[in-house]
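Engineer: Sharing a structure, written as structure tokens. Questions coming.
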Amino acid sequence: MDIEKGDVLSMKKKHPCGSDKMEVLRSGMDFKLRCQGCGREFMIVRSKAEKNVRSIDRTNRIKQV
């Protein structure tokens, strides 16, 4: 999957706060995500995150020069 910093992921499972939208803060072997509902930041293994992604919103992606 092509997931980069700034993407907003719609996940299959909801965060305990009830939101299913997560912003990607860092990508690599694992992802650092921020919940769009409550603002909590957490790390998740890349393979586990990729299984849970329903859709990717790239409208907020940071343009790299």
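Engineer: With respect to the numbered conditions (1) part of a loop (DSSP other than H, G, I, E, B); (2) modelled with pLDDT of 95 or more, which one is the sole condition not fulfilled by GLY28?
Structural biologist: In the conditions (1) part of a loop (DSSP other than H, G, I, E, B); (2) modelled with pLDDT of 95 or more, GLY28 misses (2) alone.
Engineer: Of the residues that sit in segment 1-26 and are of a type in the set (Gly, Ala, Ser) and within 9 Å of the chain's Cα centre (by Cα), which one is nearest to VAL53 (Cα to Cα)?
Structural biologist: Looking only at segment 1-26, we keep the residues that are of a type in the set (Gly, Ala, Ser), and these are 6, 10, 18-19.
Still in the list and also within 9 Å of the chain's Cα centre (by Cα): 6, 10.
Numbers: GLY6: 15, SER10: 6 Å.
In this case the residue turns out to be SER10.
Engineer: Of all residues in segment 43-56, which are part of a strand (DSSP E or B) and surrounded by 13 or more Cβ atoms within 10 Å (Cβ to Cβ)? Talk me through it step by step, then tell me what you get.
Structural biologist: Filtering segment 43-56 for residues part of a strand (DSSP E or B) gives 43-45, 53-56.
Listed by number, the residues that qualify are ILE44, VAL53, ILE56.
Engineer: Can you tell me which residues in segment 14-25 are farther than 12 Å from GLU4 by Cα and either assigned to a loop (DSSP other than H, G, I, E, B) or among the charged types (D, E, K, R) (or both)?
Structural biologist: Narrowing segment 14-25 to residues farther than 12 Å from GLU4 by Cα: 14-22.
Result: LYS14, HIS15, PRO16, CYS17, GLY18, SER19, ASP20, LYS21.
Engineer: In segment 2-18, what residues are under 18 Å from ARG58 (Cα atoms) and surrounded by 12 or more Cβ atoms within 10 Å (Cβ to Cβ)? Quick ask: steps written out before the conclusion?
Structural biologist: At the first step, the residues of segment 2-18 found to be under 18 Å from ARG58 (Cα atoms) are 2-12.
Across segment 2-18, the qualifying residues are ILE3, GLU4, LYS5, GLY6, ASP7, VAL8, LEU9, SER10, MET11.
The values are calculated or read from the model by the stated rules, or taken from the named source; none is laboratory data. Nothing here was measured: the structure is a model prediction, and the numbers come from that model. Quick reminder, even Gly has a Cβ in these numbers, built from the backbone with ideal geometry, and neighbours come from all protein chains shown.
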